[in-house]
Every structure is written in structure tokens, then in C-alpha cells.
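The values are calculated or read from the model by the stated rules, or taken from the named source; none is laboratory data. Please read all numbers here as calculations on a predicted model, not as lab measurements. Don't worry about glycine lacking a Cβ; one is built from the backbone with ideal geometry, like all the others, and counts go over all protein chains shown.
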Amino acid sequence: MSQPMRQIVVSVNGTEQQADVPDDMHLLEFLRETLGLTGTKCGCGYGACGACTVLLDGTPVRACTTHLSRAEGKSVETIEGLARDGQLSPIQQAFLEHEAFQCGFCTPGMILEVCGFLARLDGRVPEQAEVRQALRQHLCRCGSYQRIVAAVISAATKQSRSA
Ligand code: FES
Ligand code: FES
């Protein structure tokens, strides 16, 4: 018996994408396998590690547990969409400057979570404890947490100065 299919229309990194996909497809599979956007990582596949985090209409979500139907007509942003004109986004740049990664596997999900977190703060620079709280459900096997927190505070400070 053939698999039930559905048509999906979703904006990904500012480009409208239309595709016929299996009815039970999740957002992570769509991004990585249908669109070839492999910057979004699959760590656990069941919502526990945060590696697959992307923005759905500006809100961080776990792509591995987000059914693709939830993205219908909405806007998805992935790590591939953050740089502008060849320039890293301020958060990406801060991660680089603070060497806030080793293998980098957790990094795209961390950065997208931080995008949503800093947007919610609306220009306020967070305390370290707030950053840890915001990233509490993101796992980094390399243990780069201290540098990640420093990078987030640095990015927030720069953003507040330029606001
Ligand atoms: S791969 Fe989605 S939370 Fe781990
Ligand atoms: S940098 Fe390797 S898992 Fe976080």
C-alpha cells in the first residue's frame, strides 16, 4: 500500500518551499532530507538534546518532534539562514570569538535557541543564570557550556549597544 502524502507550503530562510511529502513527516526530516539543509542536526531524535532546534515563526522548536503539518504556511529559520551578505550573524560571530564549541554538533541548535531567547529579552543583557536556564535543555557532549554562556552574554551586550 502506498504511503499517504500531503502537500506542504512553508517558508524556509525566506524562500517559499512547496513539496509533496509523506503524511507523517517531521520538520527535521523535511529540512535535512527534502531540502538538503543539513546544518540542523539530529542528536537524539526524540526531543531530549536540542540539537535540532530551529525557529518556527520566531519561536525555538525541536524539529525532530515537530510534525511538518505544524509548519504549514509558517516561517522556518535554520542555521543556514542567519548569515547576511556573507557576514555571520552577531550570535554566530560571538560563538566563534569565544570558541564556544569543540565538535560543533550542538552549535546550530544552541544558536537558534539563543536567537529566540535574546529576541524575547528585547535588548536587555541577561545574567549568566538566565542564559543557563534558557539553554538547560540543550546538551553539549563536549562540555563547552562555560564558553557558550560567555558568547551569549557577549552577543547580547553588543546587540544592546547597537540598539
Ligand atoms: S534531535 Fe531533536 S531534541 Fe535531540
Ligand atoms: S561542541 Fe560538541 S556537542 Fe557541543
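Overview of results
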| read-out | value |
| --- | --- |
| Count of residues meeting criterion [touching a residue at least 40 places away in the same chain (Cβ under 8 Å) and of a type in the set (D, E, K, R)] in segment 47-72 | 2 |
| Qualifying position, being within 12 Å of ligand 1 (Cβ to nearest atom) and either part of a helix (DSSP H, G or I) or free of Cβ contacts under 8 Å to residues at least 60 places away in the same chain (or both), among G104, G109, G36 | G109 |
| Residue match in segment 25-40 (condition: touching a Lys or Arg at 6+ places or on another chain (Cβ under 9 Å) and farther than 30 Å from A134 by Cα) | no |
| F30, sole failed condition from (1) surrounded by fewer than 21 Cβ atoms within 10 Å (Cβ to Cβ); (2) in a helix (DSSP H, G or I) | (1) |
| Set C44, C64: member being assigned to a loop (DSSP other than H, G, I, E, B), within 14 Å of ligand 1 (Cβ to nearest atom), in contact with a helix residue (DSSP H, G or I) (Cβ under 8 Å, 6 or more places away or on another chain) and not assigned by TED's automatic domain parsing to the domain that holds Q146 | C64 |
| Flag if A129 is over 13 Å from the mean Cα position of the chain (by Cα), more than 16 Å from ligand 2 (Cβ to nearest atom), part of a helix (DSSP H, G or I) and small (G, A, S) | yes |
